[in-house]
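Below: the structure, in structure tokens.
The values are calculated or read from the model by the stated rules, or taken from the named source; none is laboratory data. Quantities reported herein were computed from a predicted structural model and do not represent experimental measurements. All Cβ positions, glycine included, derive from the backbone under ideal geometry; neighbour counts span all protein chains shown.
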Amino acid sequence: MTGDPMSGDPIARKLLPDTAEVVDGRLRIGGCDVIDIAKRFGTPVFIYDEEHLRTRCREAVAAFGEGVAYASKAFLSKAMARIAFEEGMYIDVATGGELHIALAAGVPGARLVFHGNNKSIDELAMAIDSSVGRIVIDSFDEFDRIESLVAGGRPRPNVLVRVNPGIDAHTHEYLQTGVPDSKFGFPLTEGIAIEAIERAKASEALRFRGLHIHIGSQVFNVSNFGRAIEALAPFVNSSGAEEFSIGGGLGVAYVQGEDADSITEWADAVLGAAREGGVTARILAEPGRSIVAQAAVTAYTVGTIKELPGVRTYLSVDGGISENPRPVLYGSGYEAFLPRAVDAKRPMEARIVGKHCEAGDIIVRSANLPGDTVVGDILCTPVTGAYGHSMGSNYNKVGRPPIVFVRDGEARLVVERETYDDMLLRDLG
């Protein structure tokens, strides 16, 4: 989805981080000039507004209360894990790697929720040894693994059972996790979810605490969450669940003309539906994208501008699908602007592409930029705080960009740029 390609309007301020301001035409975030950051740390570079991150974490805790978890798959580094923990959130991890980073950041195991549809025996052992607060069981094979570990002398973990509610969340096919045909969870059909709950309650190797669902990601219509709760309320109550996590998936606006509900509005809809449905379990949630997406912009340097008369203009930057694969994976739309001229009209139409050897290496399919855009300009794409760093790659052996947090006029490097030598560290020849 893209904005109106003919409008040429300046970038909408609502797409920028909370502390974004324009001083003498130039963009500042967290009191820091974005162009100065790009020159200091090089491009591409992810620039995160730390105050924005902390504000969204606090909003989530205020909206949902104790137990709300940050879905770290959206963006995880030690600095991000510390922020979420300091602001009162639990952290949802889905692999041994995410668990390792959260623990390395100083987050206690008890504040972690361990997800995943195919947790290995080693990952489960690591989670139990780290005293994770909850393990979300996703398969009968996982029951077997946990029971074998406990039989071997490990303590009983607290668990939630993931249920597949069979609800179409009206999002991209790859983002639908609650439809009947999904690799996630125990389906309600054929009594499979009931069988899983009964096994969890009967097993002496674990402590059944409740249920978990997740209907999908980038869901704009919060009524979808209400529908899921309404449909599941009798089932949740009959299960004896103490806790009921509705997962995450709240959508965010990426382009001009899109609107999204806030975390508070989402919580109001969810908690209201739970009350109306008579749900007695404590409601939990796992926001991720809505915490971090709008907190960041990615700064690039324009390398070439190639005009094809009667076809289009291609504008190439020094990054691409290696730091933002979402447009290729999901057809995701983004905006672009020049931080030297934030409020300028954007009449120039161009396709912004990366430097990789793929015709599909597209960052913004139909972008609007100021007419005086030239080679060497710093160009920004907003709302890039989620699923860029976490889904990035080394395709064409391009190094992953650095991550800079900005706050109160200070720019702090939290993840270094990957160097050519870094790529040889595990290459034994």
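Within the range 188-231, which residues are part of a loop (DSSP other than H, G, I, E, B), surrounded by 15 or more Cβ atoms within 10 Å (Cβ to Cβ) and not β-branched (V, I, T)? Give the derivation first.
Step one: list which residues in the range 188-231 are part of a loop (DSSP other than H, G, I, E, B), which gives 188, 203-206, 213-215, 217-218, 220-222.
Remaining after also requiring surrounded by 15 or more Cβ atoms within 10 Å (Cβ to Cβ): 188, 203, 205-206, 213-215, 217-218, 220, 222.
L188, S203, A205, L206, H214, S217, Q218, F220 - these are the residues of the range 188-231 that are part of a loop (DSSP other than H, G, I, E, B), surrounded by 15 or more Cβ atoms within 10 Å (Cβ to Cβ) and not β-branched (V, I, T).
Any residue at all in the range 36-48 that's more than 19 Å from P401 (Cα to Cα) and of a type in the set (K, R)? Quick ask: steps written out before the conclusion?
From the range 36-48, those more than 19 Å from P401 (Cα to Cα) are none; that's our starting set.
Among the residues of the range 36-48, not one is more than 19 Å from P401 (Cα to Cα) and of a type in the set (K, R), which makes the answer no.
Among the strands (runs of 3 or more DSSP E) confined wholly to the range 304-422, which include 1 or more residues that are touching a helix residue (DSSP H, G or I) at 6+ places or on another chain (Cβ under 9 Å) and more than 25 Å from K14 (Cβ to Cβ)? Quick ask: steps written out before the conclusion?
Values: elements: 312-317, 348-353, 362-369, 378-382, 403-407, 410-415.
In the range 304-422, the matching strands (runs of 3 or more DSSP E) lie at 410-415.
Any idea which of N394, N368 is assigned by TED's automatic domain parsing to the domain that holds I35, surrounded by fewer than 22 Cβ atoms within 10 Å (Cβ to Cβ), touching a residue at least 24 places away in the same chain (Cβ under 8 Å) and not hydroxyl-bearing (S, T, Y)? Full working, then the answer.
On the way: N368 fails: surrounded by fewer than 22 Cβ atoms within 10 Å (Cβ to Cβ).
Being assigned by TED's automatic domain parsing to the domain that holds I35, surrounded by fewer than 22 Cβ atoms within 10 Å (Cβ to Cβ), touching a residue at least 24 places away in the same chain (Cβ under 8 Å) and not hydroxyl-bearing (S, T, Y) holds for just one of N394, N368, which is N394.
Report, by residue number, each residue of the range 272-291 that is assigned to a helix (DSSP H, G or I) and in contact (Cβ under 8 Å) with a residue 60 or more places away in the chain. Walk me through how you get there before you give the answer.
In the first step, residues of the range 272-291 are kept if they are assigned to a helix (DSSP H, G or I); the result is 272-276, 289-291.
Answer for the range 272-291, where residues must be assigned to a helix (DSSP H, G or I) and in contact (Cβ under 8 Å) with a residue 60 or more places away in the chain: R289, S290, I291.
Tell me yes or no: at least one residue of the range 248-259 is within 21 Å of the chain's Cα centre (by Cα), surrounded by fewer than 21 Cβ atoms within 10 Å (Cβ to Cβ) and in a helix (DSSP H, G or I).
No; the residues of the range 248-259 include none that is within 21 Å of the chain's Cα centre (by Cα), surrounded by fewer than 21 Cβ atoms within 10 Å (Cβ to Cβ) and in a helix (DSSP H, G or I).
Taking the stated definitions as given, is T304 outside the structural domain of A63 (by TED's automatic domain parsing) and either modelled with pLDDT of 95 or more or not acidic (D, E) (or both)? Full working, then the answer.
Values: outside the structural domain of A63 (by TED's automatic domain parsing): yes; either modelled with pLDDT of 95 or more or not acidic (D, E) (or both): yes.
Against the criterion (outside the structural domain of A63 (by TED's automatic domain parsing) and either modelled with pLDDT of 95 or more or not acidic (D, E) (or both)), T304 qualifies.
Among G152, G166, G97, which is the only one that is under 30 Å from E51 (Cα atoms) and not β-branched (V, I, T)?
Details: G152 fails: under 30 Å from E51 (Cα atoms); G166 fails: under 30 Å from E51 (Cα atoms).
Result: G97 is the single residue among G152, G166, G97 that is under 30 Å from E51 (Cα atoms) and not β-branched (V, I, T).
Looking only at the range 262-273, decide whether some residue is charged (D, E, K, R) and in contact with an Asp or Glu (Cβ under 6 Å, 6 or more places away or on another chain).
Step one: of the range 262-273, the residues charged (D, E, K, R) are 265, 268.
Narrowing further to those that are in contact with an Asp or Glu (Cβ under 6 Å, 6 or more places away or on another chain): none.
Checking the range 262-273: not a single residue is charged (D, E, K, R) and in contact with an Asp or Glu (Cβ under 6 Å, 6 or more places away or on another chain).
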